Amino acid sequence: MAASSNSRVFMQGIIGKSPGTGLGNRVSGVCFRTSGVRSGIKLGVRATMQVGLEEVESSQLPNSVDGNLGFDVVSEGELREKGFLGMRKTKLVCTIGPACCLLEDLENLASSGMNVARLNMCHNTWEWHRDVIRKIKRLNEEKGYCVSVMIDTEGGQIHVVDHGAPFSVKAENESIWLFTTQKFEGSRPFTVQANYEGFSEGITVGDEVVIDGGMASFEVIEKIGNDLRCKCTDPGLLLPRAKLSFWRDGKLVEKNYELPTISTKDWADIEFGISEGVDFIAMSFVKDANAIKQLKSYLSNKSSESIGVLAKIESLESLQHLEEIIEASDGIMVARGDLGVEIPLEQIPAVQAKITHVCRQLNRPVIVASQLLESMVEYPTPTRAEVADVSEAVRQYADALMLSGESAIGSYGQKALCVLRMASSRMELWSREENRQSALHQRQLGVSLPDRIAEQICNCAVEMANNLGVDAIFVYTKHGQMASLLSRNRPNSPIFAFTDNHSTRMSMNLQWGVTPLLVELSEDMEANITKTIDLIKMKGVLEEGDTVLVVSDITPSCATPKAFQSIQVKTIV
Ligand SMILES: Nc1ncnc2c1ncn2[C@@H]1O[C@H](COP(=O)(O)OP(=O)(O)O)[C@@H](O)[C@H]1O
Ligand SMILES: C=C(OP(=O)(O)O)C(=O)O
Ligand SMILES: [K+]
Ligand SMILES: [Mg+2]
């Protein structure tokens with residue numbers, strides 16, 4: 001507990017009667033109160049941490065319970081089947097595409113554990129996306145799922161718009177191709193149309209054109225205006241929308257194309273997302289914190305600040321501004337697809353480890369994305385190497401894993417999701433057994449005293465929860481902050497985050513180990529605690545002897561301090 005020189009710290013014991021277990025109704029409580037005064041400035045903060053053990057009667061049920069509990073059917077089912085410790089912590093994101101856009105497909109994904117549905121605005125029409133979003137909302141409302149919606153912008157990027165065929169085209173060794181921005185109709189062999197007039201700016205004879213990070217390579221043999229005549233030096237496939245990068249002497253030619261991070265199309269897509277009430281916007285090809293700040297202030301002016309803004313790390317430039325981007329955003333996606341176009345593939349694992357580590361330090365949720373189970377686009381079973389890759393992301397404590405083509409266009413999307421679920425659960429169990437979370441060294445985030453107190457309370461709460469082996473952690477949260485501070489410590493038990501705010505609930509779907517629940521909350525925190533315990537008990541999943549560690553803002557036993565946080569351990573009797 002950080003207490004400045006003239007802070008008061010006192011303990012208060014509350015003695016109650018002890019039944020056979022040796023634990024009383026209120027056996028002991030310790031109350032630490034600090035009123036911080038620093039550098040002569042009165043901070044006006046009084047934080048109390050109360051630690052008490054209490055037994056909770058189950059007899060007054062169910063009549064005392066009012067209101068409903070938004071507890072999604074998937075988490076509830078998982079809890080019934082596997083118990084508190086068996087609940088999956090790693091969140092799962094699925095890209096929705098033509099292979100999974102029917103109501104039935106979406107429900108299959110939801111019931112298999114999809115926490116967030118991702119819509120890639122590079123593809124398809126608004127009508128198509130709107131239809132998917134509405135179906136998901138319908139499933140949430142009518143069938144009790146809790147699936148958040150994310151749109152993913154196109155962003156500024158150089159890619160192929162036409163290569164003369166609807167599918168892939170093979171580029172043979174030594175074949176000669178023209179890369180141009182001229183539009184052409186129908187089939188024009190050996191011609192590739194790029195999306196941006198200035199795509200070849202600064203590129204000279206002898207430079208290398210790399211397709212999709214290595215699918216095929218060409219050498220520039222002639223420059224005619226903006227067009228490039230190239231010879232294929234490494235044969236391979238040209239896919240629709242293939243990405244182009246340019247290399248010189250084994251290094252990426254860093255080009256500032258002056259393509260805005262948020263294009264006119266992206267702004268229109270963002271407007272669309274706002275009007276459809278999406279929960280997250282993932283921004284492609286972020287270069288620095290500016291575009292993130294710009295979008296966040298735009299959303300705030302439109303009273304849509306509850307939409308989470310995620311930054312996709314998929315360019316060399318974003319790696320150079322990593323910390324400022326992470327700090328400015330509400331979450332990060334390690335977009336390994338495009339990252340692999342911009343940096344040599346062998347650097348991807350180290351870069352992923354670094355990004356997930358910095359996200360842990362700065363407390364932002366991080367999604368590991370792209371090619372996790374790529375072979376499952378075609379085959380019903382993953383490769384062993386893919387399962388190892390997924391497990392490594394879970395071991396790194398990534399908040400979420402994402403499927404792309406596996407769910408969007410593959411025939412085995414639901415199966416792929418099950419593979420992610422199984423692999424996550426197994427690695428989470430292993431990490432617990434190895435007590436790996438104890439090696440997480442947390443950077444202090446808070447600057448103000450109240451923020452530092454909240455952080456310390458959550459750190460202590462998780463340590464207690466792990467040491468005591470409680471079944472669940474309960475927290476009450478308005479904006480998800482306390483829940484994320486608990487999640488940050490990667491506790492063994494699941495975090496049940498109760499909120500009365502729908503947007504907060506949906507935003508917590510990317511937080512590791514957090515089960516978001518919607519419930520009406522009152523000013524009386526003790527009543528909220530009783531009510532939520534009762535509601536969970538009514539579901540029949542909280543039983544006699546279970547223990548719950550409760551992190552809350554106010555308890556009635558101390559007078560009326562302004563900021564007042566407590567940790568209590570409740571045993572169900
Ligand atoms: N809404 C959609 N409509 C049609 N196809 C889609 C859609 N979303 C994704 N896809 C397909 O799924 C593949 C994988 O999705 P994703 O990784 O998001 O896109 P990309 O490969 O373009 O980066 C895409 O290449 C595309 O073929
Ligand atoms: C997720 C990614 O972005 P997109 O699919 O939009 O290219 C990626 O590049 O890995
Ligand atoms: K995209
Ligand atoms: Mg990308």
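The values are calculated or read from the model by the stated rules, or taken from the named source; none is laboratory data. Please read all numbers here as calculations on a predicted model, not as lab measurements. No Cβ is skipped: glycine too gets one built from the backbone with ideal geometry, and neighbour counts run over all protein chains shown. Each accessible area value is taken on the protein alone, full model and side chains, heavy atoms only, with ligands, DNA and RNA left out. Shrake-Rupley method; radii C 1.70, N 1.55, O 1.52, S 1.80 Å.
Which one is most open to solvent (accessible area, probe 1.4 Å), of the residues in the range 188-220 that are among the aromatic types (Phe, Trp, Tyr) and within 36 Å of the chain's Cα centre (by Cα)?
Here the answer is 196.
For the range 395-409, give me each residue that is open to solvent by 10 Å² or more (accessible area, probe 1.4 Å), under 15 Å from residue 368 (Cα atoms) and within 15 Å of ligand 2 (Cβ to nearest atom). Hits for the range 395-409 are 404, 405. Residues in the range 238-280 that are touching a Leu at 6+ places or on another chain (Cβ under 9 Å), in a strand (DSSP E or B) and under 30 Å from residue 189 (Cα atoms): 245, 246, 252.
Just a yes or no: is a residue in the range 427-449 of a type in the set (A, V, I, L, M) and more than 30 Å from residue 470 (Cα to Cα)? Yes, the conditions are met somewhere in the range 427-449. Only one of the numbered conditions (1) modelled with pLDDT of 95 or more; (2) within 20 Å of residue 154 (Cα to Cα) is violated by residue 338, and that is (1). Of the residues that sit in the range 297-322 and are in a strand (DSSP E or B) and not small (Gly, Ala, Ser), which one is farthest from residue 150 (Cα to Cα)? Across the range 297-322, the extreme among qualifying residues is 313. In the range 127-148, the count of residues that are within 16 Å of ligand 4 (Cβ to nearest atom), crowded, with 16+ Cβ neighbours inside 10 Å and at pLDDT 95 or above is zero.
Residues in the range 440-473 that are open to solvent by 40 Å² or more (accessible area, probe 1.4 Å) and either part of a loop (DSSP other than H, G, I, E, B) or in the same structural domain as residue 363 (by TED's automatic domain parsing) (or both): 10 in all. For the range 336-353, the set of residues classified as assigned to a helix (DSSP H, G or I) and within 16 Å of ligand 4 (Cβ to nearest atom) consists of 336, 337, 338, 339, 340, 341, 342, 345, 348, 351, 352, listed by residue number. The one condition from (1) open to solvent by 50 Å² or more (accessible area, probe 1.4 Å); (2) within 16 Å of ligand 4 (Cβ to nearest atom) that residue 412 does not meet is (2). Working carefully through the options 425, 391, find the one that is at pLDDT 95 or above, more than 16 Å from ligand 1 (Cβ to nearest atom), closer than 26 Å to residue 96 by Cα and open to solvent by 30 Å² or more (accessible area, probe 1.4 Å). So the residue among 425, 391 that is at pLDDT 95 or above, more than 16 Å from ligand 1 (Cβ to nearest atom), closer than 26 Å to residue 96 by Cα and open to solvent by 30 Å² or more (accessible area, probe 1.4 Å) is 425.
Residues of the range 383-435 that are of a type in the set (Ser, Thr, Tyr) and either more than 15 Å from the chain's Cα centre (by Cα) or not in a helix (DSSP H, G or I) (or both): 383, 391, 397, 404, 407, 411, 412, 425, 431.
For residue 167, indicate whether it is in contact (Cβ under 8 Å) with a residue 40 or more places away in the chain, touching a helix residue (DSSP H, G or I) at 6+ places or on another chain (Cβ under 8 Å) and either assigned to a strand (DSSP E or B) or open to solvent by 40 Å² or more (accessible area, probe 1.4 Å) (or both). Taking the combined requirement at face value, the residue does not satisfy it.
Against the condition in a helix (DSSP H, G or I) and among the aliphatic types (A, V, I, L, M), how does residue 332 come out, does it pass? No, not satisfied. So if I check each of 156, 113, which one is at pLDDT below 95 and away from ligand 1 (no atom under 14 Å from the Cβ)? 156 is the lone residue from the list that is at pLDDT below 95 and away from ligand 1 (no atom under 14 Å from the Cβ).
Among the residues in the range 355-363, are any on the phi < 0 side of the Ramachandran plot, within 11 Å of ligand 2 (Cβ to nearest atom), touching a helix residue (DSSP H, G or I) at 6+ places or on another chain (Cβ under 6 Å) and of a type outside the set (Phe, Trp, Tyr)? Checking the range 355-363: not a single residue is on the phi < 0 side of the Ramachandran plot, within 11 Å of ligand 2 (Cβ to nearest atom), touching a helix residue (DSSP H, G or I) at 6+ places or on another chain (Cβ under 6 Å) and of a type outside the set (Phe, Trp, Tyr). Of the residues contained in the range 354-373, one or more are found to be in a helix (DSSP H, G or I) and either under 21 Å from residue 253 (Cα atoms) or within 16 Å of ligand 4 (Cβ to nearest atom) (or both).
Checking each residue in the range 221-268 for being open to solvent by less than 60 Å² (accessible area, probe 1.4 Å), closer than 18 Å to residue 162 by Cα and touching a helix residue (DSSP H, G or I) at 6+ places or on another chain (Cβ under 8 Å) picks out 227, 228, 243, 244, 245. What number goes with the only condition from (1) within 16 Å of ligand 1 (Cβ to nearest atom); (2) touching a residue at least 40 places away in the same chain (Cβ under 8 Å); (3) out of contact with any Cys (no Cβ under 9 Å at 6 or more places or on another chain) that residue 215 does not pass? It is condition (2) that residue 215 fails. Quickly run through the range 307-340 and pick out the residues that are aliphatic (A, V, I, L, M), within 15 Å of ligand 2 (Cβ to nearest atom) and open to solvent by 10 Å² or more (accessible area, probe 1.4 Å). Passing the criteria: 316, 319.
In this structure, residue 82 does not satisfy being in contact (Cβ under 8 Å) with a residue 60 or more places away in the chain and more than 15 Å from ligand 1 (Cβ to nearest atom). Candidates in the range 71-90 are the residues that are under 17 Å from residue 492 (Cβ atoms) and of a type in the set (D, E, K, R); of these, the one that is nearest to the chain's Cα centre (by Cα) is 89. Taking the conditions exactly as written (within 17 Å of the chain's Cα centre (by Cα) and within 16 Å of ligand 1 (Cβ to nearest atom)), does residue 281 satisfy them or not? Judged against the criteria, residue 281 is a match.
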